[in-house]
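Engineer: The structure is given below, and queries will be raised subsequently.
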């Protein structure tokens, strides 16, 4: 039986985004999160007494500002060397050979596979053959999998590949391939990297897996993050276990605001949701994006002073969590109550409703509106409200919210 760890997308010393702009944010813990996660990976490898560790691309986050990033990685690899644990890795798009100008000599237990062609590394003591190729440049558009060698008979064959496979939203389309391309190599296990979400693409013959990254770096990388502990029994059967390594967890807290009468009720509903969010964080530092959703009378007063409301939300998180939670952003997806919005009728309300619908449905007019008003809007609003004002979907969201408020006010005015 052999055991090994499959990790990828460590992005060592990558800055965590979205927290440092606010007073009181846990800046030091954010900056050190990827280092602590790597230390957790090393500690897990030693505790499980694995034979080797696989790192499948994007160890770094581009060029280093100084040598400290490389020195830290070298110290962690030396810990594994002292425990007689080997490390085999390929470079991905973020740490491709052409962009790394300050690479240091690594401990002798670390092997980086070739950038010019697929390379096979045999670990005879474990009966394993590892095949892989590092990215020679940042953008590899070719299908590398079809150039990998056939399996080595009599050994447990592993393929290392930094790839988008058939494509994935939010990730560049690098080293594209299909599952059939990988199957054709007749390996027993494909260790993939590049996609920052854990996923088992195929469970058997071969097992093909993404471990995800080991530490979320923004609200786009939600939930637990870690690596795969892979066990191969004497019959060659493969099993995987997820092991979470992150020290800071990103989550979206969605608060149902439906029917809330005032701002205080909105804040209380958020306070009531926090215990569940803390439980999901497993005692880690928690970064929250908070979304309020639903029709309610509290929509107007909260929107009227959104900066104050957002900071009230942040204060509740800080007080309740004892400094272990931080709100990255507060998002309004609330609407005014529906009872006064049924039918625009005639006159000013009908004209306003028609104009709003025309703007909402016309991509070009919406873009023109954003281009003409973007600078003025940014100058007049603050904090979270500035975000994404150049995106049509955000402008549509604002039109929906403000339009309904205006229609509601016209309705109330007409009734007086």
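Engineer: Where in segment 111-155 does the label zone of residue 186 land, with the point 7 angstrom along Cα→C-beta and an amide N cut-off under 17 Å?
Structural biologist: Within reach of a label on residue 186, which here means backbone N under 17 Å from a point 7 Å along Cα→Cβ, segment 111-155 contributes 128-131, 146-155.
Engineer: Something else: Among the DSSP beta bridges whose two residues both lie in segment 2-244, what percent are antiparallel, rounded to the nearest 5?
Structural biologist: Values: 21 of 46 bridges.
Beta bridges within segment 2-244, antiparallel portion: roughly 45 percent.
Engineer: Right, another one. Taking other Cβ within 10 Å of each residue's Cβ, how do 253, 227 sort, fewest first?
Structural biologist: Ordered by Cβ neighbours within 10 Å, fewest first: 253, 227.
Engineer: Over segment 249-335, what relative contact order in percent results from Cα pairs under 8 Å that are six or more residues apart? Could you put the intermediate results ahead of the total?
Structural biologist: Working: 142 pairs, mean separation 34.5, N = 87.
Reported as a whole number, the value is 40 percent.
Engineer: Only counting other Cβ atoms within 10 Å, I'd like 289, 220 sorted with the fewest neighbours first. Walk me through the numbers on the way to the answer.
Structural biologist: Numbers: 289 20, 220 12.
Arranged by neighbour count, lowest to highest, 289, 220 become 220, 289.
Engineer: Taking 0.36 nm per residue of sequence separation and subtracting the Cα-Cα distance, how much length would be gained by fully extending the chain between residue 137 and residue 103, in nm to one decimal?
Structural biologist: On the way: separation 34, 0.36 × 34 = 12.24 nm, distance 1.53 nm.
Length gained, residue 137 through residue 103: 10.7 nm.
Engineer: Moving on. Test of understanding: ordering 189, 67, 174 by Cβ neighbours within 10 Å, fewest first, what list do you get? Numbers along the way, then the final one.
Structural biologist: On the way: 189 23, 67 12, 174 19.
Ranking 189, 67, 174 by Cβ neighbours within 10 Å, fewest first, gives 67, 174, 189.
We did not get these values from a lab; they are worked out from the coordinates using the rules stated. Keep in mind that what you see is a predicted model, and the values were worked out from it rather than measured. Note that each Cβ is placed from the backbone with ideal geometry, even for glycine, and that neighbours are counted across all protein chains shown.
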